[in-house]
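The values are calculated or read from the model by the stated rules, or taken from the named source; none is laboratory data. Everything numeric here is computed off the predicted structure, so don't read it as measured data. Here the Cβ positions follow ideal geometry from the backbone for every residue, glycine too, while neighbour counts run over all protein chains shown. Calculation scope for accessible area: heavy atoms of the full protein, side chains included, ligands and nucleic acids excluded. Shrake-Rupley method; radii C 1.70, N 1.55, O 1.52, S 1.80 Å.
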Amino acid sequence: MRRVFGAKKDKEPPPSIQDASDKINKRGDTVDEKIKKLDAELARYKEQIKKTRPGPAQEAVKARAMRVLKQKRMYEGQRDMLFNQTYNLDQVAFASEGIKDAQQTMSALKSANKELKGMMKTVKIQDIDNLQDEMMDLMDVSNEIQETLGRSYNVPDDIDEEELMGELDALEADMGMETESDGVPSYLQPDKESDLDAELNLPSAPMGHGAPAGRYNAQAEDELGLPAVPRASLRG
């Protein structure tokens, strides 16, 4: 049967846009080569027309030049048509590439969306909020611990800073007055006896022979105000 009817041929795949564009570009290059040859031939006929005198010979050269010029115009029309086809194919290729890029983008987005949904199942907003609240509480406790450890034991909390500044200014003024005399503070200067006695306000010590006579020479009196009799005279 195959010998009679022949084997069925497989269909060739349709040409791609790039293949069609390359084929058209080759045809365009061939047309360009033909146009260049015609340009060279027209230039030669132009020189012959300049050199020949008016008459039948010149008219024959002009006729050949007109025929070449018509061919050139025909090839230029074909070249323009091929250029338009190439432009259309480029536009289609650009649109096709854009669609392929869009398909790849959609595929990547779907894959990323699926992966993101799987990740979101393991992460909950409530857990994140609770974690943030716990971290804030821990930071507050840490700050309180640091403040407690850095607290001074001897300095009361109700100290007025303005009062301290006033005392400091007064202390500086006193130290300035003390250092005015010879540059030596008063607590380093020797004490004066008169000033020391005046500060202590002590009575003077009694002298051995300077006691008042009336206190030692006065005779003792009894309870009735009469002179008392010595005990030795009573015994005798």
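Among the residues of the stretch 2-28, the ones that are modelled with pLDDT under 80 and either in a helix (DSSP H, G or I) or open to solvent by 100 Å² or more (accessible area, probe 1.4 Å) (or both) come to 13 in all.
Counting only residues that are open to solvent by 90 Å² or more (accessible area, probe 1.4 Å) and outside any loop (DSSP other than H, G, I, E, B), which one in the stretch 48-59 is nearest to Arg73 (Cα to Cα)? Break it down stepwise before answering.
First, pick out the residues of the stretch 48-59 that are open to solvent by 90 Å² or more (accessible area, probe 1.4 Å): 50-51, 53-54, 56, 59.
Adding the requirement that they be outside any loop (DSSP other than H, G, I, E, B) leaves 50-51, 56, 59.
Details: Lys50: 23, Lys51: 26, Pro56: 26, Glu59: 21 Å.
Per the criteria, the residue is Glu59.
Of Phe83, Phe94, all but one fail to be in contact with a Gly (Cβ under 7 Å, 6 or more places away or on another chain), under 30 Å from Gln18 (Cα atoms) and open to solvent by 80 Å² or more (accessible area, probe 1.4 Å); the exception is Phe83.
Tyr45 meets each of the listed conditions (1) under 23 Å from Ala20 (Cβ atoms); (2) in contact with a helix residue (DSSP H, G or I) (Cβ under 8 Å, 6 or more places away or on another chain); (3) open to solvent by less than 60 Å² (accessible area, probe 1.4 Å) apart from (1). Mind counting the residues in the stretch 67-111 that are of a type outside the set (D, E, K, R) and in contact with a helix residue (DSSP H, G or I) (Cβ under 8 Å, 6 or more places away or on another chain)? Total satisfying the criteria: 13.
Within the stretch 60-76, the set of residues being open to solvent by less than 60 Å² (accessible area, probe 1.4 Å) and of a type in the set (Lys, Arg) comprises Lys72 only.
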